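**Q** Next up is a structure, given as structure tokens.
Values quoted throughout were computed directly from the atomic coordinates according to the rules given, and no laboratory measurement underlies them. The structure presented is a predicted model; accordingly, all values stated were derived computationally and were not measured. Backbone-built Cβ (ideal geometry, glycine too); neighbour counts: all protein chains shown.
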Amino acid sequence: PQTIYLKDYTPPAWLVEDVHLTFRLAPRATRVTSRVRFVPNPEATAREFFLHGEELKLISCHIDGRSVTPEVTPEGLTCDVPDGPFTWEAEVEISPETNTALEGLYMSSGMYCTQCEAESFRKITYYPDRPDVMAPFTVRIESDLPVMLSNGNPVAQGQGWAEWHDPWKKPSYLFALVAGNLVNHPDSFTTMSGREVELNIWVRPGDLHKCAFGMEALKKSMKWDEEVYGREYDLDIFNIVAVDDFNMGAMENKGLNIFNSSAVLASPETSTDANFERIEAIIAHEYFHNWTGNRITCRDWFQLCLKEGLTVYRDSQFTSDMRSAPVKRISDVIDLRARQFPEDQGPLSHPVRPESFQEINNFYTATVYEKGAEVIGMLKRLVGDEAYARALDLYFERHDGDAATIEDWLKVFEDVTDRDLTQFKRWYSQSGTPRLKVTEEWTPADASRPPSRDLAANPEAPDQVRGGTGTYTLTFEQHTPPTPGQRDKAPQVLPIAVGLLTPNGDEVVPTTLLEMTEAKQSFSFDGLTRKPVPSLLRGFSAPVVLEREASREERLFLLAHDTDSFTRWEASRDLARASMLGALTDPSKGPDRTWLEALRGVVRDTELDPAYRALLLALPGENEMAQTLHERGITPDPEAIHSTRQAHLQARAELWQANLPILAEEVAVTAPYRPDAEQSGKRALGAAVLDMQSRIDWGKTAARQFETADNMTQQLSALACLIRYDAKNSARYIRDFYDQWKDDRLVIDKWFMLQVSEATPDRAAEAAEGLTQHPDFDLKNPNRFRATLGALAMNHAGFHRADGAGYALLADWLIRLDTLNPQTTARMCSVFQAWRRYDADRQALIRSNLERIAAKPDLSRDVAEMVGRILA
Ligand code: HT7
Ligand code: ZN
């Protein structure tokens with residue numbers, strides 16, 4: 001396959017003035033006619049006329065009304081065209097019903113829908129399918145279905161047809177069409193300038209009761225974007241459609257967002273608190289794209305982080321504002337470490353702005369999205385809130401209607417702040433996770449020197465530490481290990497937020513941002529009487545691995561006293577990791593009881609947010625422990641990690657036994673169910689307590705909760721405990737759950753997932769295999785595939801079973817799925833990315849399965865690229 005390079009970008013030869021599309025919908029023979037007005041691009045260096053087009057049956061084409069015969073290849077067509085503006089007309093035929101790749105126009109549960117990002121508009125008609133070609137679209141849909149939707153505003157409709165016009169110039173990847181037997185949950189929103197916007201969520205008739213939460217989230221997002229970014233919605237109507245078969249979470253098509261039904265439909269009985277929170281965030285994310293992505297789009301797909309990193313950053317700000325900022329920050333860091341760090345430290349590592357690709361779908365990654373958002377967070381931290389706001393205003397003003405680049409983005413910050421961002425730009429071009437070593441030096445008070453001026457400037461500093469002549473120095477060294485294609489790394493700009501605490505827990509130096517630019521750099525704090533305790537990388541101010549072996553005492557101190565909620569949580573995490581590492585490297589060692597006692601004290605503190613306490617309670621997962629061992633040069637043993645982690649959980653439950661009823665009572669929710677931060681925080685802590693209780697009473701309390709729960713969060717957490725700790729009766733509970741929910745696709749996804757993710761390591765592969773034989777297993781539905789085989793990969797010890805059963809099962813199914821849906825197959829291949837961490841036998845097993853996938857006849861370009869990179 002061909003590799004595309006950023007350095008080879010050239011402007012399009014032809015621009016599009018406007019587009020008219022007509023769809024005559026039929027399951028296996030949809031006719032699409034296009035009328036496109038082309039004009040020469042004055043900035044182009046060549047004049048060749050090339051239109052992308054794949055898997056299309058060309059019926060006819062005309063230029064200025066004259067029939068022409070283009071040269072057609074599997075990738076598109078070329079044709080002789082006039083020198084000046086002309087009108088292109090073509091008719092093609094496509095088959096939505098047999099489109100199982102879910103790219104282009106396809107059918108899902110009897111409904112027509114589209115997915116065009118990144119390069120699938122070319123599966124709908126011949127067109128310059130690249131984001132720097134932007135045009136207004138007019139669309140006519142003909143079918144006997146009652147609801148027919150496209151982008152923009154409705155123009156007219158009649159029996160069997162509807163017409164839509166989108167006045168905003170857009171690239172083809174934002175095109176959308178939906179037609180089906182749908183019903184809507186309507187509402188409206190009045191924008192800050194007083195315009196009334198019609199809002200709808202369109203669903204299948206049985207799902208209408210699951211739309212209210214999504215609609216509230218949409219209105220909150222619209223208001224938030226006005227208040228925080230000054231961005232107003234720009235059409236008369238905003239439609240969201242829920243679709244069952246969808247490769248990702250959702251898609252921001254202009255005025256017509258299409259959502260995976262799991263990312264929009266919710267009810268208390270069928271959705272967990274985590275589902276509600278995810279839905280709120282995804283609705284916000286897609287809505288925010290209207291400005292960061294649609295009004296200002298990307299010049300080319302290498303610039304993907306321009307819209308995705310910024311929009312993830314914006315949606316995380318939104319969630320922080322709607323819920324708890326510390327809890328959101330910690331959750332984001334957990335997610336970053338679980339998904340982005342392994343990617344950045346393995347064979348799939350690539351820069352936030354990649355420099356080459358074979359299949360762009362493989363670059364919708366945690367690096368582009370989540371590290372891309374971290375880069376924006378760092379930029380904001382460095383320039384300050386006020387300059388960030390001015391830079392964003394300038395960005396919208398300067399680039400509205402543009403297909404922009406990372407250079408354009410950084411330039412607005414340079415212009416607003418007068419800073420040179422040349423070095424900062426390395427965050428976009430250099431792959432890998434920087435490692436940050438810290439050493440400290442204390443130069444005690446010198447009685448012959450007067451107290452520093454610094455002290456006078458900080459009259460509130462506690463006397464016992466401030467007011468001396470001692471100097472505390474932190475020396476940082478940054479180093480980024482080599483990554484594919486990048487051996488040598490230059491130093492990056494690291495914003496390091498630091499606070500210093502007195503030994504009695506007061507803050508002697510409040511959060512201070514150190515700006516590190518060198519490979520090695522020292523920062524001193526003077527005017528101190530006693531050596532302080534450092535609280536480093538507060539708020540996780542840069543996406544790095546901090547290499548500092550603090551003593552257990554220091555970590556316990558921070559767990560008890562740190563005023564920064566992130567570093568306080570991090571201290572707890574470090575203690576948990578250290579305790580498990582200790583037991584793994586020396587089997588005679590048990591869990592660190594001092595840490596467990598200290599943690600108990602914090603978790604019982606009713607002044608703290610229950611959601612935060614639940615995060616303090618969560619032990620690092622098995623995958624994270626495998627990564628930790630690997631980083632220390634120890635080959636991880638998945639079974640040992642599993643049993644050590646279980647031993648820790650068991651010891652904690654036994655030690656805290658007497659506290660559990662009080663904790664459970666404290667977090668009991670008596671008010672009617674609400675999926676807000678307050679209640680869901682209590683339920684999260686309640687679930688952790690239930691898990692401990694279930695270890696002691698073998699599921700008795702969980703059984704009661706399972707029978708009486710009036711919401712899915714508690715029903716599912718109870719079922720998880722019953723699967724874990726009540727081996728005798730778990731099959732009955734699993735059956736009961738199925739009988740209760742068999743008609744709800746999204747709940748049955750949970751049912752599939754839980755049985756695999758909660759299976760014991762020796763049973764996980766069999767559980768997944770058994771479920772693939774269940775009548776409700778559907779290989780064509782990505783949600784069901786992920787719930788079954790994705791869940792197997794999430795069961796660390798089960799997936800990495802020594803006999804290779806987990807690897808073989810997954811490879812078998814990836815080979816089958818590739819023929820139907822390359823995009824979802826390729827994404828799931830990434831579960832093999834950390835294969836070089838493991839022992840030689842496991843590596844050999846994984847290699848042979850990857851080679852088996854690579855050898856599949858007609859392997860898709862998507863999967864070929866992924867497997868090739870993983871094996872390289
Ligand atoms: N911009 C979208 C990314 C996307 C996608 C979504 C659904 C199916 C296939 C897709 N390919 C790319 C979603 C987003 O980031 O908001
Ligand atoms: Zn996005």
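**Q** For residue 514 and residue 59 in the same chain, what is the full-extension length gain: residue separation times 0.36 nm, less their Cα-Cα distance, in nm?
**A** My answer for the length gained is 157.4 nm.
**Q** Testing the spin-label approximation: label points 7 Å from Cα along Cα→Cβ at residue 157 and residue 647. State their distance in nm.
**A** So the label points at residue 157 and residue 647 sit 6.5 nm apart.
**Q** Follow-up question, since we're still on this one. In whole Å, how far is the Cα centre of segment 346-409 from that of segment 601-640?
**A** The two parts, judged by their Cα centres, are 30 Å apart.
**Q** Give me the distance in nm between label points sitting 7 Å out from Cα along the Cα-to-Cβ direction at residue 440 and residue 67, one decimal.
**A** According to this spin-label approximation, the distance is 8.3 nm.
**Q** Now for a different question. Which FRET efficiency, nearest 0.05, do residue 44 and residue 548 yield, Cβ-Cβ r, R0 51 Å?
**A** 0.45
**Q** Modelling each spin label as a point 7 Å along the Cα-to-Cβ direction, I'd like the residue 398/residue 28 distance in nm, to one decimal.
**A** Taking the two extended label points, one gets 5.5 nm.
**Q** Further, regarding this structure: Just check the chain against the gyration tensor rule for me: Cα atoms, a ≥ b ≥ c as the square roots of the eigenvalues, rounded for a/c under 1.5, and otherwise prolate or oblate depending on whether a/b exceeds b/c.
**A** Judged from the Cα gyration tensor, the chain comes out prolate (a/c at least 1.5, a/b above b/c).
**Q** So if we plug the beta-carbon distance of residue 858 and residue 335 into 1/(1 + (r/R0)^6) with R0 = 30 Å, what FRET efficiency do we get, rounded to 0.05?
**A** 0.30
**Q** Rounded, prolate or oblate: which one fits segment 297-429, using the alpha carbon gyration tensor with axes a ≥ b ≥ c (rounded when a/c is under 1.5, else prolate when a/b beats b/c, else oblate)?
**A** Oblate shape, in that a/c is at least 1.5 and b/c is the bigger or equal ratio.
**Q** Also, quick follow-up: Can you tell me how much longer the chain between residue 37 and residue 671 gets when fully stretched, taken as 0.36 nm per residue apart minus their C-alpha distance, in nm with one decimal?
**A** Here the answer is 222.2 nm.
**Q** Now for a different question. If amide hydrogens are placed 1.01 Å from N in the peptide plane, which non-local residues have theirs closer than 5 Å to the one on residue 153?
**A** Sorted by chain and number, the residues that satisfy this are 165, 166.
**Q** Too long at a 30 Å Cα-Cα cut-off: which of 123/223; 219/742; 223/328?
**A** Result: 123/223; 219/742 exceed 30 Å.
**Q** If each residue's Cβ is checked for other Cβ atoms within 10 Å, how do 359, 75 rank with the fewest at the top?
**A** With the fewest neighbours first, 359, 75 line up as 75, 359.
**Q** Do the sum for the chain: with -39,500 (n - 2.57) for every DSSP H run of n ≥ 4, divided by all residues, what is the mean residue ellipticity at 222 nm, to the nearest 500 deg cm²/dmol?
**A** Here the helix-only value at 222 nm equals -12000 deg cm²/dmol.
**Q** Could you work out the percent of alpha carbon pairs in segment 4-181 separated by over 24 Å, rounded to a whole number?
**A** 34 percent
**Q** Then there's this: Fully extended, how many nm does the chain gain between residue 473 and residue 219 (0.36 nm per residue separation, minus their Cα-Cα distance)?
**A** 86.5 nm
**Q** Pull out a ≥ b ≥ c, the square roots of the eigenvalues of the alpha-carbon gyration tensor of segment 742-872, then state rounded if a/c is under 1.5, prolate if not and a/b is larger than b/c, and oblate in the remaining case.
**A** oblate
**Q** Can you check what the net charge comes to around residue 356, using other residues whose Cβ is under 13 Å from the Cβ of residue 356 (Lys, Arg +1; Asp, Glu -1)?
**A** Every neighbour counted, the sum reads -2.
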